[in-house]
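Contents: one structure, followed by commentary.
The values are calculated or read from the model by the stated rules, or taken from the named source; none is laboratory data. Worth saying up front: this structure is predicted, and the values here are computed from it rather than measured. Every residue, glycine among them, receives a Cβ derived from its backbone with ideal geometry; neighbour counts consider all protein chains shown.
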Amino acid sequence: MSDNNAQEALIDQYVQENRISEAVQLLYELILSYAEKRDFAKAEALHEKLYAVDPMALTEIVRAGEAIDEAKNQSVDPAHREIWKSLYEMLSVNEGNALYYAMKNIRFDAGDGIIDQGQISNRLFFINRGNVKVVFSGENKEVLLKILGEGDFFGNDQFFSATVSTVSVIAQGNVKASYLENDIIKKWKTEAPALESKLFDYCQKNDKIKSAVTEKGMERREHSRIPLPVKMIFQLFDGAGEKIEKFYKGDVSDISEGGLSFFIKTTKAETVRMLLGRRLFVSFSANLKNGETRLVEKSGQVTAVQAQVFDDFSIHLRFDTPLEKALINSLEGA
């Protein structure tokens, strides 16, 4: 049995014998030892155990937590920290560590497709070396929007809002990058509650792809939308393309020839995010300018899911086939 394992066994013995102060002291020393060795998983597990053994051992709990954070901070790759200096300067030590240790490293070769337009992605990428090209496809042509390089990021819309990508991103040469997957946001809510909003703000202020779209005057939507505040029901399609019998309710927000958006209310955010990419059948009655009503029934694919306030979620649906333009023009409010 190693020295550390023997000490952990001794801690358990102290706890059984109700020698709590001795258990706390030994736990504290072990945490410092593991933190110094950069074994952060073990150090954090023992930190949790310290809190469980004696929640009132505040001095040891706080100091042990600070020691882990400091050791993590010192082990951050200096080159990475320099590249993303403006981001880390916005964060506390704890938030910076939570961000850095949530990142995964990846490499791409020239020509590799990293994100495909119209496809689902949940990753936020940070370029550490190399260049990527951002391409928009539409009307039978491809438009180069931007070349991104070291210190740039992409994928933030999909990471924060659960939407399909509106552009393609392709490696222009050999690329080294780090990425986050959006399931980390749930963990951050307890470990670093302000990190998500700070990272979102950083991305909003430094989004070079959005700036390029604006500069080139490109309109991402093919059709203009009009407000349509009516009640609707929807059904999911199963893997065989058959409608599932259960109905769900929603509130239409707006509509165009190509699709519509609607709101649903639920506390189950993860369940709603699973709608992304699913096919739905929607049904609602719309008022026409001539005073008549028209039953509209369409199928389509969910292209975006966005959280709103008070447990509301906005769902964006792209129709399989466009609505008739005459119907859009005849709607009340068009």
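Look through the range 25-60, keep the residues that are without any contact (Cβ under 8 Å) to a residue 12 or more places away in the chain and surrounded by 16 or more Cβ atoms within 10 Å (Cβ to Cβ), and return whichever of them is nearest to ALA9 (Cα to Cα).
If we take residues in the range 25-60 being without any contact (Cβ under 8 Å) to a residue 12 or more places away in the chain and surrounded by 16 or more Cβ atoms within 10 Å (Cβ to Cβ), then LYS42 is nearest to ALA9 (Cα to Cα).
Determine, yes or no, whether LEU91 is crowded, with 16+ Cβ neighbours inside 10 Å and part of a loop (DSSP other than H, G, I, E, B).
yes
Considering only the range 107-187, give the strands (runs of 3 or more DSSP E) lying wholly within it that have at least 3 residues that are closer than 20 Å to ILE83 by Cα. It would help to see each step written out before you state the result.
Details: elements: 113-115, 123-129, 132-138, 141-148, 168-171, 175-181.
Correct list: 123-129, 141-148, 175-181.
Can you find a residue in the range 25-37 that is at pLDDT below 90 and outside any helix (DSSP H, G or I)?
There is at least one residue in the range 25-37 that is at pLDDT below 90 and outside any helix (DSSP H, G or I).
Could you say whether any residue in the range 164-187 is within 30 Å of ASN97 (Cα to Cα), touching a helix residue (DSSP H, G or I) at 6+ places or on another chain (Cβ under 8 Å), surrounded by 15 or more Cβ atoms within 10 Å (Cβ to Cβ) and small (Gly, Ala, Ser)?
For the range 164-187, residues within 30 Å of ASN97 (Cα to Cα), touching a helix residue (DSSP H, G or I) at 6+ places or on another chain (Cβ under 8 Å), surrounded by 15 or more Cβ atoms within 10 Å (Cβ to Cβ) and small (Gly, Ala, Ser): present.
Give the residue, chosen from ALA110, ALA102, ALA98, that is under 30 Å from LEU144 (Cα atoms), in contact (Cβ under 8 Å) with a residue 60 or more places away in the chain and hydrophobic (A, V, I, L, M, F, W, C).
Of the residues listed, the single one that is under 30 Å from LEU144 (Cα atoms), in contact (Cβ under 8 Å) with a residue 60 or more places away in the chain and hydrophobic (A, V, I, L, M, F, W, C) is ALA110.
Which of the residues that make up the range 61-78 are touching a residue at least 24 places away in the same chain (Cβ under 8 Å), closer than 17 Å to SER178 by Cα and assigned to a helix (DSSP H, G or I)?
The answer is SER75, and nothing else.
Go through ALA269, ALA286 for me and flag whichever is in contact (Cβ under 8 Å) with a residue 12 or more places away in the chain and more than 28 Å from the chain's Cα centre (by Cα).
Working: ALA269 fails: more than 28 Å from the chain's Cα centre (by Cα).
Residue meeting the stated conditions: ALA286.
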